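Below is one structure, written out as structure tokens, with a few remarks after it.
The values are calculated or read from the model by the stated rules, or taken from the named source; none is laboratory data. It should be emphasised that the depicted structure is a prediction, and the values quoted were computed from it without experimental measurement. Cβ placement follows ideal geometry from the backbone for every residue including glycine, while neighbour counts extend to all protein chains displayed. All accessible areas refer to the heavy atoms of the entire protein, side chains included, with ligands and DNA or RNA removed. Shrake-Rupley method; radii C 1.70, N 1.55, O 1.52, S 1.80 Å.
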Amino acid sequence: MAADSIIECKGALILGAGIAGLFTALKLAPYSATVLAGTRPGMSGSSAWAQGGIAAALGEGDNWQSHAEDTLAAGAGLCDPAIAALVAREAPERIGDLLNLGVPFDRRDGGKLALGREAAHSHNRIVHIAGDRAGAEISRVLAERALATPSITLLEGFHAIELAIENGRVAGLFARTGIGRDARLVLFRAPAIVFASGGLGALYAVTTNPLESRGEGLGMAARAGAIIADPEFVQFHPTAIAVGRDPAPLATEALRGEGAILINDLGERFMLDVHKDAELAPRDIVARALHRQRVSGRKTFLDCTQAIGASFAQRFPTVYGACAEAGIDPATQPIPVAPAAHYHMGGIASDERGRSSLNGLWAVGECAATGLHGANRLASNSLLEGLVFGARAAEDISATVAPRLGHGTPSAPERFASPAPPHVLREAMTRLVGLERDEAGLSEALAIVDQVERAGGHEPALLNMTAAARLTAAAALQRHESRGGHYRSDFPDTDPAPRRTFMTLADARAIAPAVRKLREAV
Ligand SMILES: Cc1cc2nc3c(=O)[nH]c(=O)nc-3n(C[C@H](O)[C@H](O)[C@H](O)COP(=O)(O)OP(=O)(O)OC[C@H]3O[C@@H](n4cnc5c(N)ncnc54)[C@H](O)[C@@H]3O)c2cc1C
């Protein structure tokens, strides 16, 4: 790939200006960091949309061991216990970092942090801001602090498309900017590259994620040969607000924590028959129960009228706004809800320092798979994971990677092109790689990925998205069991021997033909 210009970064180049990317940059300071993103830091990625908050064992009677245990229970046998322990142990310190940076977490009378409860947490341990504005406020504060930090350069309006490998090491990142006559391809060379590029929800037609979350970082790393872990595990949020918007606004889990109930259009509270914890059962169970109601022809609603009622607008302003736009008053009317692709447990395999399998590449936040989430993420553990591994990657890089002489800071034009995932791919992911999967559907999904790739020529942005989609579908096809976020209607049981997935893109390409051969031989 021939670049129009080459920028030499002094220190780390970070792809992504969500919470993981910005926090890594702040933790690196005074070590130099260039943060590259498509959208404006502070409003970028899923981070700015997070509603619930961050989990940390800060309350009386709570401890990190209990937080780690809840994480392991939600992860359905696939979490790495050492990683769950280190994240739970470091959580209070990372919340302390955010407080020192000026993040205004909600407090109770008397000044102590107000701690909320969410599904599958055994204690009140979620710090939040203005009810449901945690992501927006944390992102705002981190972006302001990053802008004021001399060692950090923030560059918006760049669309990264490919890693540059030199002498077996990740040495740079190609990014496009501008459109038409302004279009340029820039190679950013850097001694350390950190991917903080978020998840892949927008590869699905029904998602709560912003449209920039389409697995491109994961795809770029996979195309460069990185090992990808657990890509088949996608979490579907049970209560996206079903009013035909793309992406679908979210009705935060905290509403169910406050006692809101799920009903169908017959007024039946169907979760009572599904799980002992009813609406507070693990997310995958609640999401599948809703999916089954809908497949059987029922409509599904979140009824907050009794549990929250008149205080709704004040306590959950973001959800209230999304409902109001659609002409729904959640204080008096049930909210129409449906499950939507929400969070990717899988990602670029990375270790306790955030190092990927590629020399020179670190991965933090949702694009990484550290082993924290296993087969199912515990609510409010993802912002936390970005903070914990952002801090760890920063420490590793500043201790082990010598800065270089840098030169050049490109300015980005106002507009730049970033192709959207084709509708046919998004529709296939929702229909065939969604809440309920089977061999025929997953094989069809992989055939559609092939077609989309062929039709797109060698467009790198598309190849990044199809690589992410292929890994998700191929790993799901290979996993002959149901566990956490992955449910196979043709293999509904859970294998007694839990096993994580580690695969390369080449492995993923070989899976559909291998499964076909096996079937023909039977
Ligand atoms: C509606 C919603 C509510 C949520 N609520 C919570 C919650 O309460 N608690 C919790 O813990 N988690 C929550 N989550 C999950 C959490 O928000 C995410 O997991 C987390 O914010 C991911 O942060 P990140 O920094 O890794 O990625 P993101 O915040 O998604 O940022 C990704 C960045 O990468 C950039 N990028 C990606 N690809 C490219 C490219 N090719 N070129 C240039 N830039 C690129 C994007 O522009 C963006 O800046 C929620 C998610 C959603 C969608």
> Got a number for carbon plus sulfur as a percent of the chain's accessible area, 1.4 Å probe?
Replying inline: 52 percent
> Normalised by the number of residues in the chain, what is the relative contact order in percent for Cα pairs under 8 Å and 6+ residues apart?
Replying inline: 22 percent
> Which of the peptides 129-135, 456-462 is most tightly packed, and how do the rest follow, going by the mean number of other Cβ atoms within 10 Å of each residue?
Replying inline: 129-135, 456-462
> Okay, helix-only estimate at 222 nm for the chain: each DSSP H run of n ≥ 4 adds -39500 (n - 2.57), divide by all residues, round to 500 deg cm²/dmol; what do you get?
Replying inline: -10500 deg cm²/dmol
> For Gln314 and Arg184 in one chain, what is 0.36 nm times their gap in residues minus the Cα-Cα distance, to one decimal in nm?
Replying inline: 42.2 nm
>> Cross-link candidates for Lys299: which lysines have Cα within less than 29 Å, leaving aside residues fewer than 8 places away along the same chain?
In response: Lys276
> Which of the peptides 420-427, 256-263 is most tightly packed, and how do the rest follow, going by the mean number of other Cβ atoms within 10 Å of each residue?
Replying inline: 256-263, 420-427
>> Tell me the per residue accessible area of segment 392-492 using a 1.4 Å probe; a whole number in Å² is fine.
In response: 42 Å²
> Can you list the aspartates and glutamates whose alpha carbon is less than 17 Å from that of Lys112, not counting same-chain residues fewer than 8 positions off?
Replying inline: Glu60, Asp62, Glu93, Asp97
> Which of the lysines could a cross-linker bridge to Lys10, judged by Cα under 19 Å and excluding same-chain residues fewer than eight apart?
Replying inline: Lys27
> With all protein chains present and a 1.4 Å probe, how do Ser197, Ser213 order by accessible area, largest first?
Replying inline: Ser197, Ser213
> With all protein chains present and a 1.4 Å probe, how do Ser418, Ser356 order by accessible area, largest first?
Replying inline: Ser418, Ser356
